[in-house]
Amino acid sequence: MDMTLRLLASLAIYVIATGTAIATDLYPWRNHAAPFGFLFGNEIDTHQQTRLTRDRDLFGFFYVHFTGVVTRDRYGVATHVDCNTVPDCTVGWTLNGRQVNATFLYHAMPDHPVYLVARSDIAQPGAHAHFHWLGSAPSLGQVVSGYLLQLTAVDRFCFIHHGVESASPNKTCRDNGGVNVDPGLDIATHVNIVTSRPPGM
């Protein structure tokens, strides 16, 4: 493990262990400048910066933008944005990924598209629960290459993926349609995998 990766991993562990919200200092958005130059080739690149490790896995950062709204249960509302157009993106999660193939099953808006993965391809130990494809969006039933991602939150926030503009300080995070995020492993905000086909598919 090189010195940069060691330093960043140590800082992430410190943030998680202490609960200190210093995500703005973790790693600023630099539009995929080296060494975090890995690209998926689609919209996720507007809010991720990652690099390939020596064993060809991914390590990096997943970014959010805080809207300024604080929910009734005291979570700052955050969402994904195009970090090239919004100046104050901050790290919401560290990201680790393993390359796998997956089958695109369906997409029930506004949720994430759902993919079928082989149970044996899910890294252990870990919480790799979000698959993201490489290149253009696949068609239904297509087998595609991508990465199975594990997200570790480094900050405390209410994550709202779609419809963030209607978030209200008079409602809880859940009542605003969000997911409460606290520092540590997170599978709730982006989970989109299954290990068997639904009947009839």
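Take the conditions modelled with pLDDT under 95 and either under 18 Å from the mean Cα position of the chain (by Cα) or of a type in the set (D, E, K, R) (or both) and apply them to Val77. Does it pass? Here the answer is no, as Val77 does not meet what is asked.
Report yes if Val100 is touching a residue at least 60 places away in the same chain (Cβ under 8 Å) and either in a strand (DSSP E or B) or aromatic (Phe, Trp, Tyr) (or both), otherwise no. Answer is no for this residue. The combined condition, being on the phi < 0 side of the Ramachandran plot, within 12 Å of the chain's Cα centre (by Cα), part of a loop (DSSP other than H, G, I, E, B) and not hydroxyl-bearing (Ser, Thr, Tyr), is not fulfilled by His130. Considering the range 1-38, the residues that are of a type in the set (D, E, K, R) and either modelled with pLDDT of 95 or more or assigned to a helix (DSSP H, G or I) (or both) include one that is nearest to Val144 (Cα to Cα), namely Arg30. Name every residue in the range 164-201 that is in a loop (DSSP other than H, G, I, E, B), in contact with a strand residue (DSSP E or B) (Cβ under 9 Å, 6 or more places away or on another chain) and more than 14 Å from Gly76 (Cα to Cα), in order of residue number. Once the filter is applied, which keeps residues that are in a loop (DSSP other than H, G, I, E, B), in contact with a strand residue (DSSP E or B) (Cβ under 9 Å, 6 or more places away or on another chain) and more than 14 Å from Gly76 (Cα to Cα), the range 164-201 yields Ile187, Ala188, Thr189, His190, Val191, Asn192, Thr195, Ser196, Arg197, Pro198, Met201. When you go through Gly41, Gly60 one by one, which is the residue that is in a loop (DSSP other than H, G, I, E, B) and either loosely packed, with under 15 Cβ neighbours inside 10 Å or at pLDDT 95 or above (or both)? It is Gly41. For the range 92-115, the condition holds for no residue, the condition being that it is of a type outside the set (A, V, I, L, M), over 20 Å from Val179 (Cβ atoms), modelled with pLDDT under 95 and surrounded by fewer than 13 Cβ atoms within 10 Å (Cβ to Cβ). Scanning the range 146-163 for residues that are in a loop (DSSP other than H, G, I, E, B) and β-branched (Val, Ile, Thr) yields Val154, Ile160.
The values are calculated or read from the model by the stated rules, or taken from the named source; none is laboratory data. No experiment lies behind these values; they were computed from the predicted model shown. All Cβ positions, glycine included, derive from the backbone under ideal geometry; neighbour counts span all protein chains shown.
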